[in-house]
Amino acid sequence: MENVAKNDQPTHKVLWQLTRPHTLTASFVPVFIGTVLALQYEQIHTGLFLAMLFACLFIQIATNLFNEYYDFIRGLDTAESVGIGGAIVRHGMKPKTVMNLAIALYTASLLLGVYICMSTSWWIALVGVLGMAIGYLYTGGPLPIAYTPFGELFSGICMGTIFILISFYIQTGFVNEQSILISVPIAILIGCINLSNNIRDIEEDTLGGRKTIAILMGFEKAVQLLAALFIISYVWVLGLVIFGISSPWLLIVFLSIKKPIQAITGFKGSRSETPIAMKSTAQTNTFFGLFLGIGILLDFIFSNL
């Protein structure tokens, strides 16, 4: 285990970096989409929307903190590691403090969950507890999900499909075919964020004993898989429009097509272009999701004129 570094930055900056802010749209986008989709059926309950949004953000940030803590404990993170908050190995934060912050965020999320359940259905508690367990077990427990080939699958389903469906359900009281189908490309793109992280970290993760899908496939095939998943996400939306499941307004997601192209080009370029590829992958999820939500909103507005 590496020695804890000496703190060299203001605490608020360290805490902000620890949240991995560039990834937080992975929580906002699904809640936004699920809520906007519910507009077709019910007037939006602002309190439930905000409670769901912050509960999801807290779970995601706590998951990042668990990741920071357990990767340090297992000796995987060093001061030279990229893509981490670095609060422990670079800035001197005590591991126990990181764990306590994660537990505090889970507690806050749990309280918000109680409010949501009291306002809707207690069945949501079961899904919420399952999601929180997966967040912890992603890097915690005897067999961390992040050390297996299933990290992309779990993150995509939990933060994509489940976040969208719960956001939709708490506003409408039901889940329908359209909400499930619209959640699929978002789940795929959230999984892509994980996949791109794992592609970048192939060397470090191999030394750390991980068996991610990127390691099992190798760099070239993993990048090809990433490209295929990008294509499937866009073709999926096109299919929803062609088969009349969704409005043609959703095709504005193609305005974001430049980002996945930049991501794949970056990974196929020199090592110095990897940060561009990483940023473009995260932005693909962000812009695709925002445009998808805006398309749903425009369909609602013009259908009610």
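The values are calculated or read from the model by the stated rules, or taken from the named source; none is laboratory data. What you see is a predicted model; the values in this text were computed from it and never measured. Neighbour counts run over all protein chains shown; Cβ positions are idealised from the backbone, glycine included. What goes into the accessible areas is simple: the full protein's heavy atoms, side chains included, and nothing from ligands, DNA or RNA. Shrake-Rupley method; radii C 1.70, N 1.55, O 1.52, S 1.80 Å.
For I182, the requirement of being surrounded by fewer than 20 Cβ atoms within 10 Å (Cβ to Cβ), aliphatic (A, V, I, L, M) and within 30 Å of A38 (Cβ to Cβ) is not met. A single entry from G141, G173 fulfils the requirement of being farther than 25 Å from F72 by Cβ and not aliphatic (A, V, I, L, M): G173. Quick check on the range 15-31: of everything there that is within 21 Å of G128 (Cα to Cα) and open to solvent by 40 Å² or more (accessible area, probe 1.4 Å), which residue is modelled with the highest pLDDT? Of everything passing the filter in the range 15-31, F28 is modelled with the highest pLDDT.
Among the listed residues L112, L130, which satisfies the condition of being buried (at least 18 other Cβ atoms within 10 Å of the Cβ) and farther than 29 Å from Q262 by Cα? Even if it seems obvious, please write down each step before you answer.
Details: L130 fails: buried (at least 18 other Cβ atoms within 10 Å of the Cβ).
The match here is L112.
Only one of the listed residues (L153, L143) is outside any helix (DSSP H, G or I), open to solvent by 60 Å² or more (accessible area, probe 1.4 Å) and touching a helix residue (DSSP H, G or I) at 6+ places or on another chain (Cβ under 9 Å). That residue is L143. In the range 206-219, the residues that are touching a residue at least 40 places away in the same chain (Cβ under 8 Å) form Cβ pairs under 6 Å with partners that are of a type outside the set (S, T, Y) and assigned to a loop (DSSP other than H, G, I, E, B), at six or more places apart or across chains, as follows: G208/L76; I213/P149; L216/P149.
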